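The values are calculated or read from the model by the stated rules, or taken from the named source; none is laboratory data. The model shown is predicted, which means the values in this text are computed figures rather than measured ones. Glycine also receives a Cβ, built like all others from the backbone with ideal geometry; neighbour counts cover every protein chain displayed. All accessible areas refer to the heavy atoms of the entire protein, side chains included, with ligands and DNA or RNA removed. Shrake-Rupley method; radii C 1.70, N 1.55, O 1.52, S 1.80 Å.
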Amino acid sequence: MEPEIEDKTLELMCSVPRSLWLGCSSVAESLCALRCLQSIPSTRAHNQNTSVMESQNHIDDLSPKKTTVLTKLSNGPVMTGSRKRPSEGNNDKEKEHCIALFDQWSETDQVEFVEHLISRMCHYQHGHINSYLKPMLQRDFITALPAQGLDHIAENILSFLDAQSLCSAELVCKEWQRVISEGMLWKKLIERMVRTDPLWKGLSERHQWEKYLFKNRTTEVPPNSYYHSLYPKIIQDIETIEANWRCGRHNLQRIQCRSENSKGVYCLQYDDDKIISGLRDNSIKIWDKQSLECLKILTGHTGSVLCLQYDERVIVTGSSDSTVRVWDVTSGEVLNTLIHHNEAVLHLRFCNGLMVTCSKDRSIAVWDMASPTDISLRRVLVGHRAAVNVVDFDDKYIVSASGDRTIKVWSTSTCEFVRTLNGHKRGIACLQYRDRLVVSGSSDNTIRLWDIECGACLRVLEGHEELVRCIRFDNKRIVSGAYDGKIKVWDLQAALDPRAPASTLCLRTLVEHSGRVFRLQFDEFQIISSSHDDTILIWDFLNVSTNGQSEGRSPSRTYTYISR
């Protein structure tokens, strides 16, 4: 329709009795009729044609008279308002006739017509229409989808809810509760948490409820109510573990691994089944993690074992005898010996076919590991002016730290130098690198956090009284060990917040070692550390006794291994 014709048409429809245009069967016919009406004199004007007057008077008797008022708002459209006289008769037939005609129009014509009608109404009428439309536009899709045989879509939608929202959804109505129950959505929520959160995964393994997860609906799987009641218990366990970390509550286990010639445990790594340690007496000892008994001793190095790493196939060790040895993790057999460095191999890391070693000879060696027996030197990185004490790497960067007080960053793919991180006032003994974050410990007794991309120092942590010898971090915490014999737990997120006061960063100091702390590793439930005092300590924050022991110290279980 042309805009001018539409406006004129609607103006006439509002001012002319409805029975004149209700007889038209389409919008087009209505428009034609209304165009003709423009030439018909108003009922208020004198007309010489008697028949027209009679017809008009008859029509006026059938429908209430309307007085139309047109007002033009400033900078706005013409608004049409009308004042109705009280109804003088029954309009039901006319309404039915109007609706019948309206139903014959296309959807586009219907929408267009209604839009124009609404535009002629006042604000009060708009409010009534809005109240009428609101419930019509609302849809309970969770109830409607199963009725269409689409239960799986309703379940999939609700499966994205968190625990609090899922509880609320169960209270909406019985149908929502049925969808949640039959869809096993509490089970799916727990499975999602186990997949994405290491703490949940660890709890599922330790508390044995992982056997009820990631299985299809069978008779072996408990009902949804089991998982609903399990969820708050898991939350309670998590809150207890977090409180134990904050308060330093732990159960302590101690492995005494001294022998006649041993004077320290320099390095270690552990998993759920075993602890592998490198000792000053040139040996590698493998311990059962549950019984804490020594399972195997590997010998072959002619100097102290200073560093190690293992996976499911091999153990790789570095020694003060300047060699790197590769051992079969199951049999303990030596598979390979790498002779390259001129002095002690101080640290090493390997992953995805790449190994990086560093040495007291100030160099860094990058190796390609095709297999345990096929390891070739790719590149030697030179740039440090003192012993290179530690290395770490990922697909993007190799990071090294030295006694020359610097941290150097190299490209993993090209082995080219990238940048130097300066800030420590004395030599750097340890670091860990992940994503953009580097955390380093130094003989200046401080810990520094760095952004590897720009080289900026983000935070300095102070608290240790002697050289910081070992450091590890995860998403929540930094754990450090030093020559003062102390292990400190720091709040990582607070350390990354420049507004956090320095006094709030150290959560707890753990004191049990009687000598220098050489190495530590930790997860969500425990810290395992080794020391110059010839012990390995297991700090368990999950299985804490509640027999009233003093905070931060728990009963210890001691095992001593005597070499034969």
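How big is the range 246-538 by Rg and Dmax over its Cα atoms, in Å?
18.2, 53
For Cys470, which sequence-distant residues (separation of 5 or more, or a different chain) have an amide H within less than 5 Å of its own amide H, given hydrogens modelled in the peptide plane?
Gly481
Explain nothing, just compute: Karplus ³J(HN,Hα) = 6.51 cos²θ - 1.76 cosθ + 1.60, θ = phi - 60°, for every residue of the range 442-455 in order, whole Hz, x for Gly and Pro.
Values, residue by residue: 9, 6, 7, 6, 10, 10, 10, 10, 10, 8, 5, 6, 10, x Hz.
Can you give the three extents of the C-alpha atoms in the range 289-345 along their principal axes, from longest to shortest, in whole Å?
So the three principal-axis extents are 39, 19, 16 Å.
Once you compute Rg and the Kirkwood Rh from C-alpha atoms, what is the Rg to Rh ratio for the range 123-225?
The Rg/Rh ratio comes out at 1.17.
Kindly write out, for the range 392-404 in residue order, the coupling ³J(HN,Hα) from the Karplus curve 6.51 cos²θ - 1.76 cosθ + 1.60 (θ = phi - 60°), rounded to whole Hz, with x marking Gly and Pro.
8, 7, 9, 5, 9, 10, 9, 10, 10, 10, 9, x, 7
Under Stokes-Einstein, with the Kirkwood radius over Cα pairs standing in for Rh, what whole-number D in µm²/s applies to the range 208-271 at 10 °C and 1.306 mPa s?
96 µm²/s
Hey, what's the range 246-538 come to in accessible area per residue, 1.4 Å probe, Å²?
Roughly 39 Å² per residue, with all protein chains present.
Amide H of Asn336 versus every other amide H placed in the peptide plane: which residues, excluding those fewer than 5 positions away on the same chain, fall under 5 Å?
HN-HN under 5 Å from Asn336: Val326.
When the accessible area of the range 246-538 is computed with all protein chains present and a 1.4 Å probe, what percentage of it is carbon and sulfur?
For the range 246-538, the apolar C and S fraction of the accessible surface comes to 43 percent.
Using amide H atoms built 1.01 Å from N in the peptide plane, name the residues 5+ places from Ser402, or on other chains, whose amide H lies under 5 Å from its own.
Asn389, Ile428
Would you mind putting 453-462, 423-432 in packing order, based on average other-beta-carbon counts within 10 Å, highest first?
Going by the mean number of other Cβ atoms within 10 Å, highest first, we get 423-432, 453-462.
Please state the equivalent ellipsoid semi-axes for the range 396-518: what are the square roots of 5 times the Cα gyration tensor eigenvalues, largest first, in whole Å?
Calculated on Cα positions only, the semi-axes equal 24, 17, 12 Å.
If I model the range 257-298 as equal point scatterers sitting on the Cα atoms and use the Debye formula, what is log10 I(q)/I(0) at q = 0.20, 0.33 Å⁻¹?
-0.55, -1.20
Farthest toward the dipole's positive end in the range 246-538, which of Leu381, Gly515, Gly318, given Cβ charges of +1 (Lys, Arg) and -1 (Asp, Glu) about the Cα centre?
Highest projection toward the positive end goes to Gly515.
When all protein chains stay in place, what accessible area (Å², nearest 10, 1.4 Å probe) is found for Val511?
Near enough 70 Å² of accessible area.
Applying the Karplus parametrisation 6.51 cos²θ - 1.76 cosθ + 1.60 with θ = phi - 60° to the phi angles of the range 226-238, what ³J(HN,Hα) value in whole Hz is obtained for each residue in order, glycine and proline being reported as x?
4, 6, 5, 6, 6, 4, x, 5, 5, 4, 5, 4, 5
Mind checking which of His341, Val439, Thr330 is farthest towards the positive end of the range 246-538's charge dipole, using Cβ charges of +1 (Lys, Arg) and -1 (Asp, Glu) about the Cα centre?
Sorting the options by dipole projection puts first Val439.
Could you please tell me the mean projected area of the C-alpha convex hull for the range 445-513, averaged over all directions and given in square nanometres to one decimal?
Reported value for the Cα convex hull: 4.6 nm².
Note the full-extension length gain between Lys134 and His207 as 0.36 nm times their separation in residues minus their Cα-Cα distance, in nm to one decimal.
Going from the current span to full extension adds 21.3 nm.
How would Met136, Met193, Met184, Met355 rank on accessible area, largest to smallest, probe 1.4 Å?
Ranked list, largest accessible area first: Met136, Met193, Met184, Met355.
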